[in-house]
Amino acid sequence: MGRRTARGRTSGEWTLRILVALCASFATGDAVVAQAVPSDYRVACTAGDLVACSVLGLLYERGEGVPADAAQAVALYEHACAGEEPSACASLGRMYAEGAGVERDAERALELFALACRQGDRWSCEQLDADAALLRSFFKSGRVGDAETALPLGDAVVEVPEAGVRVSTDASGRFALRGLPEGRHRIRVERLGYETLEGGLEVPGEPHLLLLLVREPSASAGAPGRIAGRVAEVGGAALGEVDVVVEDRDGARVVTGRSGRFLLDGIAPGLVRLRFERLGYASREVELVVRPGRTTDVEVTLATRPIELDPIEVTVRSDFLERAGFYRRARRGMGGVQFDRTDIEDLRPLVLSDLLRRVPGVRTRYADGKTQAVAWRRYDRGTCTLSVRVDGVETWDTDLDWLPPEDVEAVEIYHGLSMPIEYTSRFGACGVVMIWTRRR
């Protein structure tokens with residue numbers, strides 16, 4: 001027989017009445033019937049009927065008989081699922097999968113489907129067909145409390161070392177252990193002011209845990225503690241130059257030595273969160289409890305992480321221009337103007353003299369059938385003609401356009417104070433145009 005509710009009906013009676021009304025409303029499409037029953041679901045849910053809670057959540061989700069409220073639906077599903085009602089766990093999993101009323105979390109959704117499936121919900125089992133391995137992992141929830149008063153204890157660390165699971169309790173003392181493999185494991189619980197609790201954990205076993213801690217002597221409650229640890233990479237090799245930061249503790253930090261070891265002294269007792277960072281490795285956070293006047297040991301492993309580097313720019317240089325000093329003059333910034341082959345291809349000059357139109361203080365003139373480069377002469381306020389060198393050799397002919405641009409590898413123009421001494425013309429010109437031909 002079902003247990004009695006506040007109104008004298010059994011839980012089974014409430015469930016039967018709710019399901020009959022629900023089926024009638026959905027089958028007939030009668031909105032009046034649907035609107036008449038939410039209050040009964042609420043009363044039954046309050047009285048402890050988890051099926052009623054699940055149905056009421058469905059009504060809030062669909063907005064039938066009550067205003068649509070996804071967050072309220074999630075809260076009702078959470079409550080009923082905590083009591084092992086499979087339909088509620090299945091509905092809650094669907095909400096997480098869809099991101100309705102909660103932030104979308106595929107991992108959490110699969111955990112709920114697995115829980116509901118193990119409780120007999122066939123629809124949830126179907127959701128897991130694509131991931132059979134998930135059926136071999138389990139979820140447990142629980143609460144940590146004081147052994148004497150049974151009051152909840154927040155900031156307690158609950159760890160299942162072999163499964164790599166480590167969580168801390170919230171203000172209500174609750175915690176959740178996800179992704180537990182089947183078998184028997186060691187569980188460890190720590191909190192400041194309490195003795196460490198260690199024991200065995202059966203998985204799947206009981207899905208809900210109540211862990212009670214015994215107070216420890218408080219003679220040295222105010223004394224600071226220490227954290228001693230070692231950081232290694234996957235495979236066990238020591239990892240030096242790891243930045244270890246104590247969060248929310250005035251930025252206390254230390255760097256591991258070549259042996260991977262570190263020591264943090266003078267740490268105030270309580271729950272401490274450490275962050276481990278090193279270039280090329282995935283950062284990691286670890287929570288632990290520092291006890292008054294004691295040293296807490298910790299071993300941490302960091303996994304390598306690919307580093308996204310800036311693209312490498314590869315430039316192929318001309319050996320001929322390298323030997324001619326073209327790139328050396330460019331690096332030194334000697335004040336002249338240079339055009340390399342890439343510039344010439346980008347600018348697409350019809351004749352070579354078109355390039356000089358972009359050089360400050362230099363212009364071109366056409367005389368005697370030749371195109372010459374001229375520059376302003378400072379002292380007599382006149383102009384002078386720039387000499388021309390082809391592949392380093394000075395020529396008598398100052399015509400710039402006798403070579404087609406496609407045959408030119410680079411051009412340099414110097415005049416005035418930028419004129420290199422070694423290229424001063426014996427003909428007294430006030431500048432030079434240096435043309436470097438292409439070597440095919």
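Structure notes:
- Candidate set: segment 336-359, residues that are of a type in the set (D, E, K, R) and assigned to a helix (DSSP H, G or I); chosen: the one most open to solvent (accessible area, probe 1.4 Å): R357
- Test: residue in segment 102-111 that is open to solvent by 30 Å² or more (accessible area, probe 1.4 Å), modelled with pLDDT of 85 or more, in a helix (DSSP H, G or I) and among the charged types (D, E, K, R): no
- Any pair with Cβ under 7 angstrom, 6 or more apart, that starts in segment 402-420 at a residue that is in contact (Cβ under 8 Å) with a residue 12 or more places away in the chain and ends at one that is among the acidic types (D, E): A410/D340
- The single residue among A232, A163 that is free of Cβ contacts under 8 Å to residues at least 60 places away in the same chain and under 26 Å from the mean Cα position of the chain (by Cα) turns out to be A163.
- Counting only strands (runs of 3 or more DSSP E) wholly contained in segment 239-307, the ones carrying 1 or more residues that are open to solvent by less than 80 Å² (accessible area, probe 1.4 Å) and closer than 20 Å to E159 by Cβ occupy 243-247, 261-267, 270-277, 284-290, 295-302.
- Selection within segment 202-214 - of a type outside the set (D, E, K, R) and open to solvent by 60 Å² or more (accessible area, probe 1.4 Å): H208, L210, L212, V214
- Which numbered condition R258 misses (of (1) more than 21 Å from R191 (Cβ to Cβ); (2) in contact (Cβ under 8 Å) with a residue 24 or more places away in the chain): (2)
- Filter pass, G183 being open to solvent by 30 Å² or more (accessible area, probe 1.4 Å) and at pLDDT below 90: no
- For V66, the conditions (1) under 34 Å from the mean Cα position of the chain (by Cα); (2) more than 25 Å from R118 (Cα to Cα); (3) open to solvent by less than 40 Å² (accessible area, probe 1.4 Å) are fulfilled apart from (1).
- Verdict on G199 being surrounded by 14 or more Cβ atoms within 10 Å (Cβ to Cβ), within 19 Å of V289 (Cβ to Cβ) and not aliphatic (A, V, I, L, M): no
The values are calculated or read from the model by the stated rules, or taken from the named source; none is laboratory data. Treat the numbers as computed from the prediction; the structure is a model and nothing was measured. Backbone-built Cβ (ideal geometry, glycine too); neighbour counts: all protein chains shown. Surface areas here come from the heavy atoms of the whole protein model, side chains and all, with no ligands, DNA or RNA. Shrake-Rupley method; radii C 1.70, N 1.55, O 1.52, S 1.80 Å.
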